[in-house]
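The values are calculated or read from the model by the stated rules, or taken from the named source; none is laboratory data. A quick note: this is a predicted structure, and the numbers were derived from the prediction, not measured. No Cβ is skipped: glycine too gets one built from the backbone with ideal geometry, and neighbour counts run over all protein chains shown.
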């Protein structure tokens, strides 16, 4: 048995190591899959934001040059709450806005009051913005440098791997398809041809006269006023109606004019004169718009947080924190937007990465597999233990049978020799010897019959001859057979039989069953002060209950259900000092089951135990 336990331990360890490695590696793969999935959706979120920014830039860069100075759709207040208004900054520092296209606003002049009070307030704010912009525009005369590449913030040892080593990088080279954008709009300056009227309208800094008697001469003077000495180089035709001028338009740029306002503008160069056209972006409303339209309404906001922050003059400040609170991020991804929004950073963080559905399936399957393995090993161990135990009991049974056969044979031989040698001096002594010889012969016969009956029942060769009776014939035969043995051992057998119970039973089998039970009670209770055996018949729930009670030592509680097992004997001091083969109660159980009944054992409230047999009270023939 120890060798079997060793082999099973080695087998268990050998099975557990690869299974544990498989579970660990699978969980690691699921972790990577969950992280890659979250990264994908974070990238998608940033892409949607970047696309919205790109649409805004493309729209503004696509506006006509003269829209910023003449009456156009920009003359009304912007529909977007995050855009304050549109304006043009002239080469001399003055500004114009389509909100007041009929006015001229010098850098040091007061604004004339438009009729609309809301527009009046916006124009005044634009005037203040233009004043600050004049001081800062020299620092952004050229486009800003490239935005730094997208990267992942390391947090407490958590860092995303580069695409080349990620799940997608195993199959696709995404370096070209996912190249970082440098601009959200046009990447290089473009050149447009504008008419003389457009050039005059763009550069208009004083109110036009009410009437011009000579239109051509007036227009030519205005053009020369605008373009100065470069007019002759740029006029492409002597016909002023067909004259065109070269205008260079730079990409959109941005510059902070206050903590809550950013000016987005484009440089327009006409004849060496630099004009700047753009709009004022209100930062807080704009970031609120980005968060509300792209993140708050998404399911991701329930488990992840979005931070939107600004970089200005080397410092960084967070203005938006939306979504779930993140205190111990297991995943963190930061995105820097291309220019002209290079000042804007977006960071997505998550404390609890959503679990993959495959993880639950894996856990269920691993639990089932582990349960099957443990159950299989347990069943194998119990089966081997039962086989080993039964083998051991069989060997004990052979030894016990040998001993049980040897004892009566020895007694028979001894008394025969005593009779032959005439040791019995009187006829009474001879009769005593003959009775002992008969008792030992009966004992030997019953032992042999038990072994033979057990063998037949095991092979299912024993047929039950069931007949209906009231059990009187069985009780009388048992009394006749066991009377001398009971007298010798000093036991009293009491029978409580109402006599009116009729049921089906095999007479020979029942005689053998009762004899085995009585002998078992006598064997273990012979040293008790009270030697009493009660055989009782009574109806119970449509059955006939045959119970045999004694006043012996009883049966240990843990062995009450095992005493009917093959070759089982309770391991205690009493059983070691008494003989027995271990098949008496097992034979009782097999006989009763063959007759369609069942058997049970229980300890009495006082001394001794009771063996109960339950048989059908009506005609029943077992299969």
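All conditions in (1) touching a strand residue (DSSP E or B) at 6+ places or on another chain (Cβ under 7 Å); (2) more than 30 Å from residue 244 (Cβ to Cβ) hold for residue 270, with the sole exception of (2). A count restricted to the stretch 259-278 and to residues that are in contact (Cβ under 8 Å) with a residue 60 or more places away in the chain and either closer than 23 Å to residue 317 by Cα or within 49 Å of the chain's Cα centre (by Cα) (or both) stands at 4.
Would you mind stating whether residue 481 is closer than 19 Å to residue 550 by Cβ and either touching a helix residue (DSSP H, G or I) at 6+ places or on another chain (Cβ under 7 Å) or not in a helix (DSSP H, G or I) (or both)? So residue 481 fits the description; yes. Only one entry of 430, 417, 440 meets the criterion of being over 60 Å from the mean Cα position of the chain (by Cα), exposed (fewer than 11 other Cβ atoms within 10 Å of the Cβ) and part of a helix (DSSP H, G or I), and that entry is 417. Scanning the stretch 592-613 for residues that are assigned to a strand (DSSP E or B) and over 52 Å from the mean Cα position of the chain (by Cα) yields a total of 5. Take the conditions (1) free of Cβ contacts under 8 Å to residues at least 60 places away in the same chain; (2) surrounded by 13 or more Cβ atoms within 10 Å (Cβ to Cβ); residue 332 misses just one of them, which is (1).
Residue-by-condition table, conditions (1) buried (at least 19 other Cβ atoms within 10 Å of the Cβ); (2) in the same structural domain as residue 65 (by TED's automatic domain parsing); (3) within 20 Å of residue 123 (Cβ to Cβ):
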position: 254; (1), (2), (3): yes, yes, no
position: 260; (1), (2), (3): no, yes, yes
position: 264; (1), (2), (3): yes, yes, yes
position: 268; (1), (2), (3): yes, yes, no
position: 272; (1), (2), (3): no, yes, no
position: 283; (1), (2), (3): yes, yes, no
position: 288; (1), (2), (3): no, yes, no
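Within the option set 356, 385, being modelled with pLDDT of 80 or more, touching a helix residue (DSSP H, G or I) at 6+ places or on another chain (Cβ under 9 Å) and closer than 30 Å to residue 333 by Cβ holds for one residue only, 356. Could you please give the count of residues in the stretch 522-538 that are free of Cβ contacts under 8 Å to residues at least 60 places away in the same chain and crowded, with 22+ Cβ neighbours inside 10 Å? Number satisfying all stated conditions: 1. Suppose we keep only residues that are assigned to a strand (DSSP E or B) and touching a residue at least 60 places away in the same chain (Cβ under 8 Å) within the stretch 464-478. Which one would you say is surrounded by the most Cβ atoms within 10 Å (Cβ to Cβ)? By that ranking, first place goes to 466.
Restrict the check to the stretch 494-517 and report whether at least one residue is part of a loop (DSSP other than H, G, I, E, B), modelled with pLDDT of 85 or more and surrounded by 13 or more Cβ atoms within 10 Å (Cβ to Cβ).
no
Among the residues of the stretch 24-39, is any in a helix (DSSP H, G or I) and more than 26 Å from the chain's Cα centre (by Cα)? Looking for residues that are in a helix (DSSP H, G or I) and more than 26 Å from the chain's Cα centre (by Cα), one finds none in the stretch 24-39, hence no.
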